[in-house]
Amino acid sequence: MAEIQRRLIRIEPYVVAVLASTYFVLYSVLSVLRHVTYHSFGPDLGIFDQVFWNTTQGRFLESTMSLVQAQPHSYLADHFSPVYLLLMPAYLLIPRPETLLVIQTLFLALGVWPVYLLARLKLEPGFQRLAWVLVYFLFLPVAFINLFDFHELALAVLPLGFAIYFLEKGRPGWFLVSLVSTFLIKEELPLVGVGFGVYILLAKRDWKLGLGVLAGSLAAFLAIVRVIIPAFGGGSYEYFARRLNYRYAELGTTPQEIMTNAWTHPGRLAHLLFQAQKL
């Protein structure tokens, strides 16, 4: 048994690489098959494919689908996702929606690496480390994300995993790089940074880093939704008005109203969260 453990320790990284490669190939095929058999959705994959296609044709991040606006407008008026520019070269090589599905699968497959590194940091060598790798790949929400068209938030799994790993390893510089990089994926991810700041304050007792992350993340969120997106969208952040009113009307139509009513009327929040669809 001891000899098996020693051999397993030596080949651990290779086993993780094989599992990640297997996942990538399998779910790339499944994602593409889902699309070519007409099971993908226009409001999701269609929006993103149009934005990428328009950019390759010289119409920078232009959309006629997001925000339910038929006229050409900047997608940045809807969501803050400059990360698309990093993906654009791959799409330029193969300008098809299937490219986005494969890119998403690649990011999710690579997302296991920080999980494995964290397991190496926290656990003894052997089967228990690989068990967490299997848990990641067998986690049903990961499969659901992978097979539900393309969404930019799937790209955040990898850098957020590294943010956790570097924080636990005591590498604040790389932690900040990993965390801040997610702010370029979508506008609400700085709120995850606020959560990191609270965790650092309560669990790590690092007041300087914790307060810095908390304040910096909150400032980034407000700058994006109050300044950057409105600059592209005619002076307002339409996502609040449209989606908050549609999904959270019971709590309010602005972030301030929602937070206030969630605190002062918890019954409304419970009624909203415990719907069958949400569960």
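The values are calculated or read from the model by the stated rules, or taken from the named source; none is laboratory data. Not measured: the values here are computed from a predicted model. Note: ideal-geometry Cβ built from the backbone for every residue, glycine included; neighbour counts use all protein chains shown.
Listed by first and then second residue, the pairs with beta-carbon distance under 6 Å, at least 6 apart or on different chains, first residue in the range 91-103 and polar (S, T, N, Q), second at pLDDT 95 or above, are Thr99/Tyr91. Taking the range 34-71 as the range and being touching a residue at least 40 places away in the same chain (Cβ under 8 Å), β-branched (Val, Ile, Thr) and over 18 Å from Phe148 (Cβ atoms) as the test, only Val68 passes. Only a single criterion out of (1) among the aromatic types (Phe, Trp, Tyr); (2) closer than 30 Å to Leu176 by Cβ; (3) surrounded by fewer than 18 Cβ atoms within 10 Å (Cβ to Cβ) is not satisfied by Tyr84, namely (3). Criterion first (closer than 24 Å to Val157 by Cα and either touching an Asp or Glu at 6+ places or on another chain (Cβ under 7 Å) or buried (at least 20 other Cβ atoms within 10 Å of the Cβ) (or both)) does Leu101 satisfy it? Taking the combined requirement at face value, the residue satisfies it. Part of a helix (DSSP H, G or I), within 20 Å of Leu118 (Cβ to Cβ) and free of Cβ contacts under 8 Å to residues at least 12 places away in the same chain: does that describe Ala203? It is true that Ala203 is part of a helix (DSSP H, G or I), within 20 Å of Leu118 (Cβ to Cβ) and free of Cβ contacts under 8 Å to residues at least 12 places away in the same chain.
If Thr56 satisfies all but one of (1) in contact with a Ser or Thr (Cβ under 6 Å, 6 or more places away or on another chain); (2) among the β-branched types (Val, Ile, Thr); (3) more than 24 Å from Val157 (Cα to Cα), what's the number of the condition it fails? Of (1) in contact with a Ser or Thr (Cβ under 6 Å, 6 or more places away or on another chain); (2) among the β-branched types (Val, Ile, Thr); (3) more than 24 Å from Val157 (Cα to Cα), only one is false for Thr56: (1). Being within 20 Å of Trp53 (Cα to Cα) and over 11 Å from the mean Cα position of the chain (by Cα) is true of Pro89. When we screen Pro190, Pro141 for residues that are on the phi < 0 side of the Ramachandran plot and modelled with pLDDT under 95, the only hit is Pro141. Residues considered: Val51, Val83, Val112, Val142. Of these, the only one that is in contact with a strand residue (DSSP E or B) (Cβ under 6 Å, 6 or more places away or on another chain) and aliphatic (A, V, I, L, M) is Val51. On the basis of being surrounded by 14 or more Cβ atoms within 10 Å (Cβ to Cβ) and either of a type in the set (A, V, I, L, M, F, W, C) or in contact with a Pro (Cβ under 6 Å, 6 or more places away or on another chain) (or both), does Leu202 make the cut? No.
Is it the case that some residue within the range 152-174 is touching a residue at least 60 places away in the same chain (Cβ under 8 Å) and either touching a Lys or Arg at 6+ places or on another chain (Cβ under 6 Å) or surrounded by fewer than 16 Cβ atoms within 10 Å (Cβ to Cβ) (or both)?
Yes, some residue in the range 152-174 is touching a residue at least 60 places away in the same chain (Cβ under 8 Å) and either touching a Lys or Arg at 6+ places or on another chain (Cβ under 6 Å) or surrounded by fewer than 16 Cβ atoms within 10 Å (Cβ to Cβ) (or both).
Looking at the range 130-177 only, could you name the residues that are among the small types (Gly, Ala, Ser) and closer than 23 Å to Ile9 by Cβ? Result: Ala131, Gly161.
Condition first: in contact (Cβ under 8 Å) with a residue 12 or more places away in the chain, surrounded by fewer than 20 Cβ atoms within 10 Å (Cβ to Cβ), aliphatic (A, V, I, L, M) and touching an Asp or Glu at 6+ places or on another chain (Cβ under 8 Å). Can you find one or more residues in the range 125-147 that meet it? For the range 125-147, residues in contact (Cβ under 8 Å) with a residue 12 or more places away in the chain, surrounded by fewer than 20 Cβ atoms within 10 Å (Cβ to Cβ), aliphatic (A, V, I, L, M) and touching an Asp or Glu at 6+ places or on another chain (Cβ under 8 Å): present.
Restricting attention to the range 89-98, and to residues there that are of a type in the set (A, V, I, L, M) and loosely packed, with under 15 Cβ neighbours inside 10 Å, which single residue is nearest to Glu188 (Cα to Cα)? Give the steps one after another, and end with the answer.
In the first step, residues of the range 89-98 are kept if they are of a type in the set (A, V, I, L, M); the result is 90, 92-94.
Filter once more, keeping what is loosely packed, with under 15 Cβ neighbours inside 10 Å: 92-94.
Details: Leu92: 28, Leu93: 30, Ile94: 30 Å.
Of everything passing the filter in the range 89-98, Leu92 is nearest to Glu188 (Cα to Cα).
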